[in-house]
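Novice: So that we are looking at the same thing, I have put the structure below in C-alpha cells.
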Amino acid sequence: MPYLPCAIRFGPYKMRLHISILLFPLLCACGRTNRIPNNDLDILPYNGNEILIFESNLAETDTIFLQGSNRFIRPTDPLDLFPIKAEHYFILNKHSDPNPPSGKHRYLDGHRLVGLAMNESNETYIEIDFAAKDAWFYGESKSTLKKFKELPEKTLLISGRHFTDVVIIEDQKKKYFERTNHIERLYWSRSQGIIRYDKKHDEVWELKEKYTPQQRR
C-alpha cells in the first residue's frame, strides 16, 4: 500500500473533529436552562395562600387574596435559533381593579404580585407588580436580586408593630404621576413583603393583617 501523507489519511476525520469542536458550545447552549436557585426563592415571604388586609389613613380598607404560584420555562429570545431557556416563578393574586370601568369596584384574578426570573446571563431578577384599589405602582419594578439585597434597610412602625427590615422602593420615573391611583413608593419588609404604600396628597395605606384561611378556621 503506498504511503499517504497525514493530511490526506486523516483529513476527513480531522475535519469532523474540528466541526464537532466548533459545534459543541452551540449544542450545549441550545440545551441550557437557567433555573432559579432554591436559596433565591427565600427572598419571597409569601406561600401563595395569604390574605392581605390594608387600611388607609382615610379609614378605607382593601383586601388582596394570594392565589398560589406560577412556575414556567421560556426562551430568553424567541427569535434565536438556539435560545437559552430561563425559569420564571411568580406569586399570583386577586386584587381590586386599580382603574375600574365606570368607577365601580371589581376584582381582577390571576395577576402577578411578585416573582423571580432568570436571564440569559444566569442572573436572578426580582419583579414587583403591585396594584390595589385605586392604586398602581408604575415605577421601575424590576431589579437584579443582588442589587435588591443591597438596598439599605430601615425601621418602620406599621399598625403598632416595629419592622426592622424595610426597604423603600421609590417611583423615580414619575410615570402617570397625574393619575389619582399613582403610588409614589412601596415599603417592602424582607420578612413580610409589602407592608405599606404611599399615594399622593399624603394618603398612606398600611398592612393591617396578613393571615391564611387555615388560621381562621
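Novice: With the checklist (1) outside any loop (DSSP other than H, G, I, E, B); (2) farther than 27 Å from residue 49 by Cβ; (3) over 18 Å from the mean Cα position of the chain (by Cα) in hand, flag the one item residue 165 doesn't pass.
Specialist: Every condition holds for residue 165 apart from (2).
Novice: Does residue 134 satisfy being of a type in the set (D, E, K, R) and on the phi > 0 side of the Ramachandran plot? Even if it seems obvious, please write down each step before you answer.
Specialist: Numbers: of a type in the set (D, E, K, R): yes; on the phi > 0 side of the Ramachandran plot: yes.
For residue 134, the condition - of a type in the set (D, E, K, R) and on the phi > 0 side of the Ramachandran plot - is met.
Novice: Can you confirm whether residue 151 is in a loop (DSSP other than H, G, I, E, B), without any contact (Cβ under 8 Å) to a residue 60 or more places away in the chain and over 20 Å from residue 47 (Cα atoms)?
Specialist: On the way: in a loop (DSSP other than H, G, I, E, B): yes; without any contact (Cβ under 8 Å) to a residue 60 or more places away in the chain: yes; over 20 Å from residue 47 (Cα atoms): yes.
Answer is yes for this residue.
Novice: Hey, can you tell me all the residues within the stretch 127-142 that are in a strand (DSSP E or B) and at pLDDT 95 or above? Show your work before the answer.
Specialist: We begin by selecting, within the stretch 127-142, every residue in a strand (DSSP E or B); these are 127-128, 131-132, 135-136, 142.
Within the stretch 127-142, 127, 128, 131, 132, 135, 136 qualify.
Novice: Here's a follow-up. Which condition number does residue 74 fail, the rest of (1) more than 30 Å from residue 197 (Cβ to Cβ); (2) modelled with pLDDT under 95; (3) surrounded by 10 or more Cβ atoms within 10 Å (Cβ to Cβ) being met?
Specialist: Tallying (1) more than 30 Å from residue 197 (Cβ to Cβ); (2) modelled with pLDDT under 95; (3) surrounded by 10 or more Cβ atoms within 10 Å (Cβ to Cβ), residue 74 fails exactly one: (1).
Per-residue answers, yes or no, for (1) surrounded by 14 or more Cβ atoms within 10 Å (Cβ to Cβ); (2) at pLDDT 95 or above; (3) assigned to a helix (DSSP H, G or I):
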site	(1), (2), (3)
4	no, no, no
15	no, no, yes
29	no, no, yes
63	yes, yes, no
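Novice: Restricting to the stretch 52-74, give me the number of residues that are closer than 27 Å to residue 125 by Cβ and over 17 Å from the mean Cα position of the chain (by Cα). Spell out how you get there, then give the answer.
Specialist: Residues of the stretch 52-74 that are closer than 27 Å to residue 125 by Cβ, as a first pass: 52, 54, 64-74.
Add one more test, that the residue is over 17 Å from the mean Cα position of the chain (by Cα), and what stays is 52, 54, 64-65.
Residues flagged as closer than 27 Å to residue 125 by Cβ and over 17 Å from the mean Cα position of the chain (by Cα) within the stretch 52-74 amount to 4.
Novice: Exactly one of (1) closer than 21 Å to residue 209 by Cβ; (2) part of a strand (DSSP E or B) is unmet by residue 105. Its number?
Specialist: All conditions pass for residue 105, except number (2).
Novice: Considering only the stretch 168-194, how many residues are assigned to a strand (DSSP E or B) and either farther than 17 Å from residue 129 by Cβ or of a type in the set (Gly, Ala, Ser) (or both)? If you could, list the steps in order and put the result at the bottom.
Specialist: Initial filter on the stretch 168-194 (assigned to a strand (DSSP E or B)): 168-170, 182-189, 193-194.
Among the residues that remain, those that are also either farther than 17 Å from residue 129 by Cβ or of a type in the set (Gly, Ala, Ser) (or both) are: 168, 189, 193.
Number of matching residues: 3.
Novice: Further, regarding this structure: Enumerate the pairs (first residue in the stretch 111-139 and of a type in the set (Lys, Arg); second residue anywhere and part of a strand (DSSP E or B) and at pLDDT 95 or above) with beta-carbon separation below 6 Å, excluding pairs fewer than 6 apart on the same chain, so at least 6 apart or on different chains.
Specialist: What qualifies is 112/90; 133/62; 133/96.
Novice: On to the next question. Could you tell me whether residue 207 is assigned to a strand (DSSP E or B), touching a residue at least 60 places away in the same chain (Cβ under 8 Å), surrounded by 13 or more Cβ atoms within 10 Å (Cβ to Cβ) and not acidic (Asp, Glu)? Outline the logic, then answer.
Specialist: Details: assigned to a strand (DSSP E or B): yes; touching a residue at least 60 places away in the same chain (Cβ under 8 Å): yes; surrounded by 13 or more Cβ atoms within 10 Å (Cβ to Cβ): yes; not acidic (Asp, Glu): yes.
Here the answer is yes, as residue 207 does meet what is asked.
Novice: Those residues that are farther than 23 Å from residue 198 by Cα and surrounded by fewer than 16 Cβ atoms within 10 Å (Cβ to Cβ), I need them from the stretch 105-164; list them, please. Let's see the steps before the verdict.
Specialist: If we filter the stretch 105-164 for residues that are farther than 23 Å from residue 198 by Cα, which is where we start, we get 109-110, 116-125, 144-146.
Residues satisfying the conditions are 109, 110, 119, 121, 122, 123, 144, 146.
The values are calculated or read from the model by the stated rules, or taken from the named source; none is laboratory data. Note that the coordinates shown come from a computational prediction; the quantities given were computed from them, not determined experimentally. Glycine gets a Cβ as well: all are built from the backbone with ideal geometry, and neighbour counts include every protein chain shown.
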